[in-house]
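The values are calculated or read from the model by the stated rules, or taken from the named source; none is laboratory data. Please read all numbers here as calculations on a predicted model, not as lab measurements. Reconstructed Cβ throughout: ideal geometry from the backbone, glycine too, with neighbour counts over all protein chains shown. When the accessible area is computed, the model is the full protein with side chains, heavy atoms only, and any ligands, DNA or RNA have been set aside. Shrake-Rupley method; radii C 1.70, N 1.55, O 1.52, S 1.80 Å.
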Amino acid sequence: MITWLIMFIKKIVGANYVAIIVAAVWALYLGLFLVIKPNRGKQQFKTAVIVGLCATAICDVVWFFKFFDNFTYLDPGISGMLWFCLLPAAMLFIVMFLSYVNTSRFEHENKKRLKAEEKQRKKDSRRAKYENENPPERKGENDEKLPEAPKG
């Protein structure tokens, strides 16, 4: 967090609040993300962390240009606090989007798995049906047919 580091180094009042806001947003982001079952996989969690870090970096750049002009701090006052709502809004959007994608993928995989299980179950039931029956007797199977004599 470039903005927080610069604010902390320049001893700007409220720098610790930026760190608290970002930590709280990340805790809520990961908490909301992990509540939904399809999001609990290792790959999904890794994707969520990477996308969350990208969103945090983008918000940090926006904050930097809003609060620092030519590397000097501009005090926007109370209206500047609204810019800190950008990160929670972005993270909420990301949670909703990734949860939608993961849930859709999870449901698709479940349908595919259930379809394969149903196909296997039908195949097994057909096999069991014929295994339990005695094979039909074929009459004349061992009888040899004599070739017909040529006429004429």
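Between F84, F67, the distinction of being in contact (Cβ under 8 Å) with a residue 24 or more places away in the chain, surrounded by 13 or more Cβ atoms within 10 Å (Cβ to Cβ) and touching a strand residue (DSSP E or B) at 6+ places or on another chain (Cβ under 7 Å) belongs to F67 only.
The sole residue among V51, V61 that is modelled with pLDDT of 90 or more and either of a type outside the set (S, T, N, Q) or not in a helix (DSSP H, G or I) (or both) is V51. Scanning the stretch 73-85 for residues that are in contact with a helix residue (DSSP H, G or I) (Cβ under 8 Å, 6 or more places away or on another chain) and either modelled with pLDDT under 75 or under 14 Å from D60 (Cα atoms) (or both) yields G80, W83, F84. Return yes or no: is V22 more than 19 Å from the chain's Cα centre (by Cα) and either free of Cβ contacts under 8 Å to residues at least 24 places away in the same chain or open to solvent by less than 30 Å² (accessible area, probe 1.4 Å) (or both)? For V22, the condition - more than 19 Å from the chain's Cα centre (by Cα) and either free of Cβ contacts under 8 Å to residues at least 24 places away in the same chain or open to solvent by less than 30 Å² (accessible area, probe 1.4 Å) (or both) - is met. Looking at the stretch 37-47, can you tell me whether even one residue there is of a type outside the set (K, R), open to solvent by 20 Å² or more (accessible area, probe 1.4 Å) and within 19 Å of M1 (Cβ to Cβ)? The answer is no; no qualifying residue exists.
Going by the conditions given, is A27 among the small types (G, A, S) and open to solvent by 50 Å² or more (accessible area, probe 1.4 Å)? For A27, the condition - among the small types (G, A, S) and open to solvent by 50 Å² or more (accessible area, probe 1.4 Å) - is met. Candidates N70, N39: the one that is at pLDDT below 90 and closer than 30 Å to S104 by Cα is N39.
Among residues of the stretch 27-47 that are within 18 Å of P88 (Cα to Cα), those with a Cβ under 7 angstrom from a residue that is assigned to a helix (DSSP H, G or I) and charged (D, E, K, R), sequence gap 6+ or separate chain, pair up as L34/R40.
Within the stretch 74-85, can one find any residue that is more than 21 Å from K10 (Cβ to Cβ) and in a helix (DSSP H, G or I)? Yes - at least one qualifying residue is present in the stretch 74-85. Do we find that I12 is of a type outside the set (G, A, S), surrounded by 12 or more Cβ atoms within 10 Å (Cβ to Cβ) and not in a helix (DSSP H, G or I) in this structure? Spelling it out, I12 is indeed of a type outside the set (G, A, S), surrounded by 12 or more Cβ atoms within 10 Å (Cβ to Cβ) and not in a helix (DSSP H, G or I).
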